[in-house]
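Here the structure comes first, spelled out in structure tokens, and everything after it is commentary.
The values are calculated or read from the model by the stated rules, or taken from the named source; none is laboratory data. What you are looking at is a predicted structure, and each value in this text was computed from that prediction instead of being measured. Note: ideal-geometry Cβ built from the backbone for every residue, glycine included; neighbour counts use all protein chains shown. Please note that ligands, DNA and RNA were not included when accessible areas were found on the heavy atoms of the full protein model with its side chains. Shrake-Rupley method; radii C 1.70, N 1.55, O 1.52, S 1.80 Å.
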Amino acid sequence: MTTTDVAVIGGGVIGLAVARELRLAGVADVLVLEREPAIGQGSSSRANGGVRAQFTTRPNIDFSRYSIEVFERLQQESDGALAFHQVGYLLFTGTEAGKRGLRAACDLQRAMGVDTEWLAPQDVLRLAPFLRPDGLTAGTFHSRDGFLDPGAVLGVFAEQCRRLGVTIRVKAEVGAVERVGGAFLVKTRTDEVSAGHVVNAAGPDASAIAAMLGADLPVEPVRRNLAFVQAPADPLIPMCVDLDTGVLVRREVGGGYVIAYSNPDDPPSRDTTLDPEFLPQVASRIGNRFPFVEALPIDPRQCWAGLYPETPDHHAVIGANESDPRFVHCAGFGGHGVMHSPAAARAVAEIVVEGRCETFDLHALRPSRFAEHDLVTETAVF
Ligand SMILES: Cc1cc2nc3c(=O)[nH]c(=O)nc-3n(C[C@H](O)[C@H](O)[C@H](O)COP(=O)(O)OP(=O)(O)OC[C@H]3O[C@@H](n4cnc5c(N)ncnc54)[C@H](O)[C@@H]3O)c2cc1C
């Protein structure tokens, strides 16, 4: 039997960020339990690496603002190990409704201290002269957004965890969590762990962990796909988001383009093979603004898929389970888990150490909001 102050279930980017932050906050014993033979093999290994503050809700903007600062600091301290390229996110639209939505989001971001720029069509084309210009109505740009290497983020968190004395146990699938007195008994196939707190950081499997203590957590896996197309290495471009089709394009550091498109009608699924519908869906949309990519051949062998841990309102779930103040959920990050990992970790560390989070207002992220039918929905979901 192992004893620990906090058992973190899940060794993805969220679990490792949380473990690191718990140690930095003074928790003596932190144990990460990961099912797979290595850390970071779940959603975290499939991400595009996008980091942006251009969201439409307060909690997401707040999380991004905090996390971007942490990534900027870590990038400096690690001599650029995160490969954090702050090329900005450029969002644009060709509709009046899209323009109104962008304006509202831009105003909120600016009111919250994010320096998002409002762009007329000619400004959009100044930043991205390669876009098809027809009918553009507006755009926004935030220069501290960008992309990083998700594997490197995971590596930096893991290395710091080890240096801080966090124990990371792989091949340790949690099969049961039980309450025993004031503590929890966390059972893997080979071990039993007595933990003062349990953090549910199981990504797309977070609902199964919640159910072990009778909690209902609506986090569902949804397959998401990415394509890579070869092209000569050229200077980087902003992460370009065509809001009218939902297609994202960025240039890869070594050349080529990464293309993303998330079909909002995709049902929950655990399938991580490339969706055969994905490439035709991209092909029918990409020409709207990206004629330079339309002409390039897409090789399916250079495309991949993974799971978004999704919630009905596209916000993470962070907070103690209602019936168990020491059972803390930190899951359901959809397509934002890498970029929001520093803020999420800070929030969980404060909940565990102080009993409440002071740095962020977590009301919109509380686990009970689903049962209360009180949801704030993020609409900038790509
Ligand atoms: C195609 C794609 C593109 C994306 N692009 C971006 C992006 O640009 N920017 C961004 O920020 N995010 C992006 N994401 C989302 C991001 O990858 C996720 O939000 C993030 O990785 C979630 O991290 P996690 O640690 O919660 O989940 P995971 O990485 O899945 O980690 C959960 C871990 O829990 C373990 N586990 C599960 N059950 C158990 C158990 N019973 N016992 C022990 N361990 C268990 C799993 O093995 C897994 O390692 C993208 C995702 C995909 C699929």
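Which residue, of A295, A305, is under 19 Å from P129 (Cα atoms) and either surrounded by fewer than 22 Cβ atoms within 10 Å (Cβ to Cβ) or within 13 Å of the ligand (Cβ to nearest atom) (or both)? It would help to see each step written out before you state the result.
Values: A305 fails: under 19 Å from P129 (Cα atoms).
Just a single option satisfies the conditions, and that option is A295.
Just to check your reading of the model, which residue among V376, V381, V352 is touching a residue at least 40 places away in the same chain (Cβ under 8 Å) and open to solvent by less than 40 Å² (accessible area, probe 1.4 Å)?
Numbers: V376 fails: open to solvent by less than 40 Å² (accessible area, probe 1.4 Å); V381 fails: open to solvent by less than 40 Å² (accessible area, probe 1.4 Å).
After applying the criteria, what remains is V352.
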- Message: One residue is enough: does region 99-118 have a residue meeting the conditions more than 11 Å from A53 (Cα to Cα), modelled with pLDDT of 95 or more and of a type in the set (V, I, T)?
- Response: no
- Query: Any chance region 7-14 includes a residue that's within 16 Å of the ligand (Cβ to nearest atom), touching a strand residue (DSSP E or B) at 6+ places or on another chain (Cβ under 8 Å), part of a loop (DSSP other than H, G, I, E, B) and open to solvent by 40 Å² or more (accessible area, probe 1.4 Å)?
  - Reply: no
- Answer yes if at least one residue in region 17-29 is near the ligand (Cβ under 7 Å from one of its atoms) and either polar (S, T, N, Q) or at pLDDT 95 or above (or both), and no otherwise. no
- Query: Yes or no: A345 under 20 Å from G40 (Cβ atoms), of a type in the set (A, V, I, L, M, F, W, C), at pLDDT 95 or above and touching a helix residue (DSSP H, G or I) at 6+ places or on another chain (Cβ under 8 Å)?
  - Reply: yes
- If you take the residues in region 163-189 that are under 22 Å from A211 (Cβ atoms) and β-branched (V, I, T), which one is surrounded by the most Cβ atoms within 10 Å (Cβ to Cβ)? V186
- Query: Assuming D79 fulfils every condition listed in (1) within 15 Å of the ligand (Cβ to nearest atom); (2) at positive phi apart from one, which condition is it?
  - Reply: (1)
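Any chance you could count how many residues in region 109-142 are open to solvent by 30 Å² or more (accessible area, probe 1.4 Å), closer than 23 Å to R65 by Cα and touching a residue at least 24 places away in the same chain (Cβ under 8 Å)?
So the answer is 4.
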- Task: Scan region 335-357 residue by residue and report those that are near the ligand (Cβ under 6 Å from one of its atoms) and not hydrophobic (A, V, I, L, M, F, W, C).
- Result: G335, H336, G337
- Item | Of all residues in region 38-53 being within 6 Å of the ligand (Cβ to nearest atom) and assigned to a loop (DSSP other than H, G, I, E, B), the one that is surrounded by the fewest Cβ atoms within 10 Å (Cβ to Cβ) | Q41
- Task: Kindly list, by first and then second residue, each pair from a residue in region 313-333 that is over 9 Å from P367 (Cα atoms) to a residue that is of a type in the set (D, E) and at pLDDT 95 or above, limited to pairs with Cβ atoms under 6 Å and residues at least 6 apart or on different chains.
- Result: H314/E378; H315/E378
- Find the strands (runs of 3 or more DSSP E) located wholly in region 121-240 whose residues include 2 or more that are small (G, A, S) and within 12 Å of the ligand (Cβ to nearest atom), and list them. 174-180
- Failed item, numbered, when V282 is tested on (1) open to solvent by less than 40 Å² (accessible area, probe 1.4 Å); (2) touching a residue at least 60 places away in the same chain (Cβ under 8 Å): (2)
- Picking from P325, P312, P276, the residue that is open to solvent by 60 Å² or more (accessible area, probe 1.4 Å), in a loop (DSSP other than H, G, I, E, B) and farther than 30 Å from K99 by Cβ would be P276
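Taking region 241-269, which residues are in a loop (DSSP other than H, G, I, E, B) and open to solvent by less than 10 Å² (accessible area, probe 1.4 Å)?
As a first pass, look at region 241-269 and keep what is in a loop (DSSP other than H, G, I, E, B): 243-246, 252-256, 262-267, 269.
Matches in region 241-269: G255, G256.
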- Just wondering, is there one or more residues in region 190-207 that are within 22 Å of R35 (Cβ to Cβ) and in contact with a Pro (Cβ under 6 Å, 6 or more places away or on another chain)? yes
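Taking the residues in region 208-223 that are open to solvent by less than 30 Å² (accessible area, probe 1.4 Å) and out of contact with any Pro (no Cβ under 9 Å at 6 or more places or on another chain) as candidates, determine which candidate is farthest from I9 (Cα to Cα).
So, considering only residues that are open to solvent by less than 30 Å² (accessible area, probe 1.4 Å) and out of contact with any Pro (no Cβ under 9 Å at 6 or more places or on another chain), the one farthest from I9 (Cα to Cα) is L213.
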